Structure formats: structure tokens, C-alpha cells
Amino acid sequence: MNILTALTDKVNEALVALYNVQDSEISFEKTNANFAGDYTFVVFPFLRASRKKPEDTASEIGEFLKKELAEVDGYNVVKGFLNLELSDSYWLAVAENLSSTGVRIPSIGKGQKVVVEYASPNTNKPLHLGHVRNVVLGHSYSEIMLANGYDVVKNNLVNDRGIHICKSMLAWQEWGNGETPDSSGIKGDHLVGKYYVEFEKKFQLEYSKWLTSSEGLSQLEVFKASNEAKKHIKEGTDLAKAFKTDYTNTYFNNHSLLGASVKIILQKWEEGDEDVITLWRKMNGWVYNGFDVTYNRLGIAFDKIYYESDTYLLGKSMVQEGLESEAFYQKADGSVWVDLTAEGLDEKIVQRADGTSVYITQDIGTAQLKYDDFGMDQFIYVVGNEQDYHFKVLKHILQKLNKQYANGLYHMSYGMVDLPEGKMKSREGTVVDADELMDEVVSTAKKQTEDLGKTEGMTEEELSVLYETLGIGALKYFLLKVDAKKRMLYDPKESIDFQGNTAPFIQYTYARISSILRAANETNKDTNFRTPPNLAAEEKDLIILMHDYPTAVNSAAKNYNPSEIANAVYDLAKAFNKFYHEHIILGEEDYNLRGFRLSLCMAVGQTIKHGFKLMGIDVPDRM
């Protein structure tokens, strides 16, 4: 039985026996480093029942535990905090078990199926830094769920249709001169992204000319007299600039020749025009090939890929279902809506007056498609926090439709990623390109490694693999160590640092352990667990951290938070380096003590490797 489970049971027994308190919510914290102890129980919530001072209540519970649980060696009380000290014999039994069985994670998800959707890129541009955080989070969380015993489907919904795709298509037709990835040497997704940007440049030139035309100036005067202008005046915004921004979509839809041409392509696509479909497939094929290169370098893969071109009409039958059940209602113009005001939201359109779908209609249908395909208990969407409202609406709509899977919907929301100003702007000029970012971090890893002189005795091929392992690992770890919900600043140079909370620091720790174990093997030193004459504080710290690691893996799954894995592995790496500097390992003359320390090294290495696998990060055997 896990010691925390045993402690929980015994504290409940103590509360019943001492104060007649039944079925209490019991939790433990790690004891503050400034005090003796392993786990701390806070007694303040039980003072009303005990009718005693915090110190006296804690002491009574401590005496009960020491008497009833052999693993409790002692305790100390600091006000209402009961610090429990477990026996060395218990921790040595934990170490022996770790040595024989390795990392074991309690299977909290057995029998449950989960679909995790991540990536969801548009096929009009290459992947960027935001996509990297998305896929790294999605992949890591999927691996964490697998480790916890869930049956996981890694899912990607590709946004491969729509007006944005048609913009790239028109630009390539007009100004591409037949350019292809092969003829240009440009990666396919970058080539299509180039023409998306080219369309925007041409559109902005057209728009700027219109703004100074008589029609544009006339519309500006109308805008200046509007209520919207009053708001801009109050905010001190230049009205001409505000008009240019606010009127862009109206101009595109109602005045622009380029906009009209793009809409013709979209209409032809929806009608199945053979020439348009052929061009669309060709350019999307370039993009998919480019995406695959990026995904492969990041170590990302999917079990199932859906395409919006196949799913965008889904949901229309569910709109009819909603009308029949009166979950939805129809307005006089024929549009269909759902009223979510009782849920604290607003009214949401689910079908336009002309019978066409809106984006949420597709998501309603795709949710049903996933359930039909997989019968999942949960479906998790890894999507940026700008879509928080959208997923609240989606969940409530599915609940109104009485879908049994609605309560299993969870939006794993994450914050945006910023970089220090001026860092690595992509050749598109607007975003931080994923491929360029990876090149940059691998290049930085190479320089840092060479500067530290950590390349001795390695071949060029080995070094190339090492730099890739360090660079991509640094990128992933830096993105994962921060709670996903938080907005973050990513600094490539900081991420590659060999000191501090970084992947290279932990990877170097693993390589150091591998070196020790190789040397032990070469000199025929026994690495099997041996009972040491005593247990040093640094050794105990390692055992406790490895003992708590499975709890961190369970918690990361429950809290949708891969950063808990990163923090657990970092704490273990820090503790190992302290142990390494304080104690002799290979050169220890005492046979049992040396065997014990070598078995600790092996267990620490296995735990680090396990944690990094859950984050999608490789560990090098040599550095």
C-alpha cells in the first residue's frame, strides 16, 4: 500500500477515535525543508472537534500514528502542523522495490478511452511557435494519459478549406509562375505561406488606394458620424486608422476585386469544380509534406487525422435534431439559434438563414463523429485560451442536445507564447516560424556545448544527434515546465543553459548517471541493491522524490498539467547532483554501500528517462 494511503487511513482512524470525526477529507504536504519530517498534516480544520489548542491536537494525532503505524518513526509539531518522520527502514524498502521493479505508475485510467485533439493547423501557412506549444502540450498530455492507463487516441483536425486557403491559391495562380517546392527549393508549407503573405500585400495595396478614393473618403465620413467613432474618439484613437482597421472585412466582402476573385474560387470549390479541386489538392499536398517534416523533427504523430473539408457539413442534421427537441429555435429569417443565457452565456447562431453552417455547427458534428468512431469517455481539445468561450458554448450545446458524451468535453486551454523583442522573426515577417525556431535552438545547443567543452571523444555523427537532442529537448521542456494556462516568455538561449531548470541540465545529469553505470559495468562493480550501513540525508531525498514521482504522474493527468512532470524530474535531477557531489559512488570501498548507491543511480536514471519520455524528450547516454 502507498504510504500516503496508509497515513490517510490511520489519520481517519485517529480522528474517529480521538474526536469522533467521521469521513474526513485528508491531505498531506511535503514537509517544509526548514523542519524535520517527510510529510505534514494540517490540523486546523479539526480544532472545533478536538476543542484543544493546535499543538495539543497535532501531538495527540502524532502519538496515535506513531503507535499504530510502524513506518512512522517520529514527529514534531509546529503550531497546527504535524510533521511526520518515516523510518529509514521504510525508505530502504522503497529503494529496494525501485531497484527491482523500476518506475510503476498506478493505473487510474484503466477502461477509459480519451481522444486528445491537438495541432489543428491551417493549410495556408507553416507551423509557428504557437503551434509548437500546442503540439508539445498535446503530445505530452497524451503520453501522460497513456502512462496512467487510459486508452488514448491522438487526434488532429486539419483546417484545410475556407477563404484563407483560397487566398493562397489565387496568389499562386496570379503570381506564382508555376513555382513548386522542387523548383524553388522551398519547403511546401513555407511556399504556400509565401503566397498567402503575397496575397495580403497585394490586398493592402488595393485597399490603400481605395481608402483615398472618393468612395473610400465618403465611407470614412459616414464612419466619423457613427457611434463606433465616438468610442475611438474617447480612447484617443486616430479615426482614419480606426476606420482602416474596422472596415477591412467590409471592404474585402463588398468592394475588393481581389476579394471577389477569392470568393469565386471558394464558390467553385464548394461546387466541386475540377480545376479548383485539383489545384487545392496540389497545394495542400505541398503543405502536408512540409508539416510532416516539422512533426517528425518534433517527434509528433497522430493516430487519427480528420480534415475540415470532410467534416464541415457535419452538424446540419444535429441542427434539425435540436429544432425538433426545442433545444434550438428558428428566427423569422430562417436562421437557427440556441439560447444559452440561462447558462451565463448568450444566444448563439448554429445555422445561417441561407441554410449554411457556422463554425460551431461543424464542431457539433465532429464531436458526434468522434464518438461514433471511438466511443470515448473524454474528448480533450488542446486549443489556445482565445477559444475559451467557444468551447463553453460547444459543451452547453451538446448538453442541450442530451449527448451522453457532453460532460466528457474538456478544453485544455493554454496561454500564448512571447519572445524577447527582435528574436527570430520568420521570413514571413509576422510570426516565429517553427522550422526556423528549431534550427535556432539546435544551433544554440551546438555553440553552448562546444563552449563548455562537452564534445570530447564524439564523432561528427554523434555530435549531430546530440545537438538535435539538446536543442529540441530544450525547446520542448521550456514550453512544458510552465503551467499550460499561463502566458509565457520563451528565450532560446535561456532554454539551452546547462544550469538551472532546463532540459540540458537534466539531460547532462542523465548522461552523468549513464557514465557512472558504464564505468561500474566495465570494472565489474555490482549495481544490485544492497542494504547500506546507514542512510544519508541526500540518499533519502532521492528515494522520497522517486517514491513521489508516480503521484506526480497521476496528478499531471488529473490536473491536465504536464508541468508537474517537468518539476518532479527537475527536483530529482537537482537532488542527484547534490548527492553526487556529497558522496563517493564508484570509489566507495564498502561493498554494500557502493552497491546501494549504484542501484540508486540506476533508479534515478530510469525515473528521469521515464519523465522525459512523457514530455517527448530524448536523453543522451553520452555528453
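The numbers here are math on the coordinates, done by the rules we state, and not lab data. Bear in mind that the values here come from a model prediction, so they are computed numbers and not experimental data. Because the Cβ atoms are built from the backbone with ideal geometry, glycine has one as well, and the counts that use them run over all protein chains shown.
In percent, how large is the relative contact order of the stretch 318-422, given Cα pairs closer than 8 Å and 6 or more residues apart?
Relative contact order for the stretch 318-422 comes out at 22 percent.
Between the stretch 279-295 and the stretch 149-181, how many Å separate their Cα centres?
Centre-to-centre distance over Cα atoms comes out at 7 Å.
Spelling out what I want: for every residue of the stretch 72-87, take phi, set θ = phi - 60°, compute 6.51 cos²θ - 1.76 cosθ + 1.60 (Karplus), and round to whole Hz; glycine and proline get x.
The phi angles translate into 7, 8, x, 7, 9, 10, 10, 6, x, 10, 9, 9, 9, 10, 8, 6 Hz.
Quick query: amide H of VAL358 versus all other amide H atoms, modeled in the peptide plane; which residues come in under 5 Å with a sequence gap of 5 or more or a different chain?
ARG352
Full-extension gain between GLU179 and ASN227, please, as 0.36 nm times their residue separation minus the C-alpha to C-alpha distance.
Taking GLU179 through ASN227 to full extension adds about 12.5 nm, to one decimal.
When the Karplus curve 6.51 cos²θ - 1.76 cosθ + 1.60 is applied with θ = phi - 60°, which whole-Hz ³J(HN,Hα) does each residue of the stretch 53-68 get, with x for Gly and Pro?
With coefficients 6.51, -1.76 and 1.60, one gets 5, x, 5, 5, 4, 4, 5, 5, 5, x, 5, 4, 5, 5, 6, 9 Hz.
Provide, for q = 0.09, 0.12 Å⁻¹, the log10 of I(q)/I(0) from a solvent-free Debye sum over equal Cα point scatterers in the stretch 434-614.
Values returned for q = 0.09, 0.12 Å⁻¹ are -0.36, -0.63.
For each of LEU475, LEU572, LEU401, count neighbouring Cβ atoms within 10 Å of the residue's Cβ, then give the residues from fewest to most.
Listed from fewest to most nearby Cβ atoms, that is LEU401, LEU572, LEU475.
Taking the stretch 3-86, how much of its Cα-Cα pair set, in percent, is spaced more than 20 angstrom apart?
Summing the P(r) tail past 20 Å for the stretch 3-86 gives 21 percent.
As a footprinting exposure proxy, order PHE596, PHE391 by other Cβ within 10 Å, with the fewest listed first.
PHE391, PHE596
Quick one: in the chain, what % of C-alpha pairs are over 43 Å apart?
More than 43 Å apart: 38 percent of the Cα pairs in the chain.
Please give the net charge around ASP354, taking every other residue with its beta carbon less than 14 angstrom from that of ASP354, where Lys and Arg add +1 and Asp and Glu add -1.
Once positives and negatives cancel, what remains is +1.
Find the relative contact order for the chain and round it to a whole percent, using C-alpha pairs within less than 8 Å whose residues are 6+ positions apart.
Answer for the chain is 15 percent.
Under the definition of Cα pairs under 8 Å and six or more residues apart, what whole-number percent is the relative contact order of the stretch 400-530?
Reported as a whole number, the value is 27 percent.
Where the centre of each part is set by its Cα atoms, how far does the stretch 338-416 sit from the stretch 253-277, in angstrom?
29
Please arrange VAL276, VAL262 by how many other C-beta atoms lie within 10 Å of their C-beta, fewest to most.
VAL276, VAL262
All other residues with a Cβ under 14 Å from the Cβ of ALA49 taken together, and with Lys, Arg as +1 and Asp, Glu as -1, what is their net charge?
With Lys, Arg at +1 and Asp, Glu at -1, the net is 0.
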